[in-house]
Structures are given as structure tokens and as C-alpha cells.
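To start, the structure itself, in C-alpha cells.
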Amino acid sequence: GKKMVRVQIPTVLDSGAVRHVTPNGVFSLDVVPSQRSKEGHNYYGPAGEAIANLGEQTVKGSTDAGQTLSIGFDVAKITRPLVSVSEMVRKNYRVLLDNDGSYIEHKRTGKHIDVRQEGSFYYLDLWVQVPEEISNSPFVRQAS
């Protein structure tokens, strides 16, 4: 099999994204066709331009604190991985963004996932295993 490398990839929390979306080659190079991609579903960029849905990738990762997460990302030609706040809320999470510390809380279990603020962006940092050939991509923040 391919040699895998453990890296940390920041994902931006986005209140405007309807779903979790990532460019291809951030977490994986393998894109699985999805119902939405087969139906020719598009996303729309800031200027209203259509961005094709290329399929999906399931990303299994963990936080700095060791919490494991599985996130289904749609794949599209966007500039960085986005975690959809509205999708988190639909899945029974509360998202709190605050100067004194930000987090995502699972409403049933009360568990908190840390969110990192940098400038005007809020990041969910994910540790993931990626194929070695994409382990030095500009999306990687650090390697373990």
C-alpha cells in the first residue's frame, strides 16, 4: 500500500458553507462519486460562480486532545477545506465562537472540541493520515 504520513490540517469553520467541502489532494487523492456529484450538483463561489461537486471523501481524524472525528467532505475546486457550521448544527452540535475561547460542543454528550482562532478565521485542526505524496502540500500545518 501507499506510505501514509500523519499531519495536521486546519479546516476553516464557515457559517456560509451548506456542507463540509474540501479541495481534492488535501486529505486524499481518491474521490468517490456521490449522489450529489452524479446529479451535477454545484456550489456557488463568492461572486456567484458555479463550482462543480466532484464527489466525496470521508476523513477520519483526531483533534489535538485526541478526540476522533469522522467527517464527510464533498470535493470541489475551492481554495481550502471548509467545515460547515450549519451542518455541525444539524448534527446536534453547538458552535461557540468567542474571544475567551471557542469550541464545538456535542449537545447530547457535552463533549467539547477546541476551535483555534487566528485573525478573523476559526479553525478546527484535524490530525489525519495522508498519502506521503500530499504530505508536504500547502494545506498541512505540521507533521507529527
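Counting Lys and Arg as +1 and Asp and Glu as -1, what is the net charge of the other residues whose Cβ lies under 15 Å from the Cβ of Ala50?
-1
Can you tell which of Ser62, Ser37, Ser120 shows the greatest fluctuation in a Gaussian network model of the chain with Cα springs below 10 Å?
Ser120
Need one number: convex hull volume per residue for region 56-118, Cα atoms only, in Å³. Show your work: numbers first, answer last.
Details: hull volume 6.8 nm³, N = 63.
Once divided by residue count, the hull of region 56-118 is 108 Å³.
Ignoring ligands, DNA and RNA, what percent of the accessible area of region 28-144 is carbon or sulfur (1.4 Å)?
49 percent
Using a basic spin-label model with each label point 7 Å from the Cα along Cα→Cβ, how many nm lie between Glu133 and Ser70?
2.7 nm
With r as the distance between the Cβ atoms of Val89 and Asn42 and R0 = 30 Å, compute the FRET efficiency 1/(1 + (r/R0)^6) and round to 0.05.
For Asn42 and Val89, the calculated efficiency is 0.85.
For the chain, what does the helix formula give at 222 nm: sum of -39500 (n - 2.57) over DSSP H segments with n ≥ 4, over the residue count, nearest 500 deg cm²/dmol?
Roughly -1500 deg cm²/dmol at 222 nm, from the helical runs in the chain.
Test of understanding: in a Gaussian network model of the chain with alpha carbons linked when under 10 Å, which of Ala65, Ala52, Ala76 would top the mean-square fluctuation ranking?
Sorting by GNM fluctuation, first place goes to Ala65.
Relative contact order of region 1-133, please, whole-number percent, based on alpha carbon pairs below 8 angstrom and at least 6 residues apart.
Reported relative contact order: 37 percent.
Heavy-atom accessible area per residue, region 3-144, 1.4 Å probe: how many Å²? Don't jump to the answer; show the numbers that get you there.
Details: 7900 Å² over 142 residues.
Value for region 3-144: 56 Å² per residue.
Hey, got the Cα dimensions of region 3-85 along the principal axes, in Å, largest first?
Answer, in whole Å and largest first: 37, 27, 18 Å.
Cα gyration tensor of region 95-144, axes a ≥ b ≥ c as square roots of the eigenvalues: rounded (a/c below 1.5), prolate (a/b > b/c) or oblate?
oblate
Evaluate 2.2 N^0.38 Å with N set to the residue count of the chain, then give the Cα radius of gyration divided by it.
Working: Rg = 15.0 Å, N = 144, 2.2 N^0.38 = 14.5 Å.
Taking the Cα Rg and dividing by 2.2 N^0.38 Å, one obtains 1.03.
The values are calculated or read from the model by the stated rules, or taken from the named source; none is laboratory data. Nothing here was measured: the structure is a model prediction, and the numbers come from that model. Virtual Cβ from ideal backbone geometry, glycine too; neighbours counted across all protein chains shown. Ligands, DNA and RNA are excluded from the accessible area calculation, which covers all protein heavy atoms including side chains. Shrake-Rupley method; radii C 1.70, N 1.55, O 1.52, S 1.80 Å.
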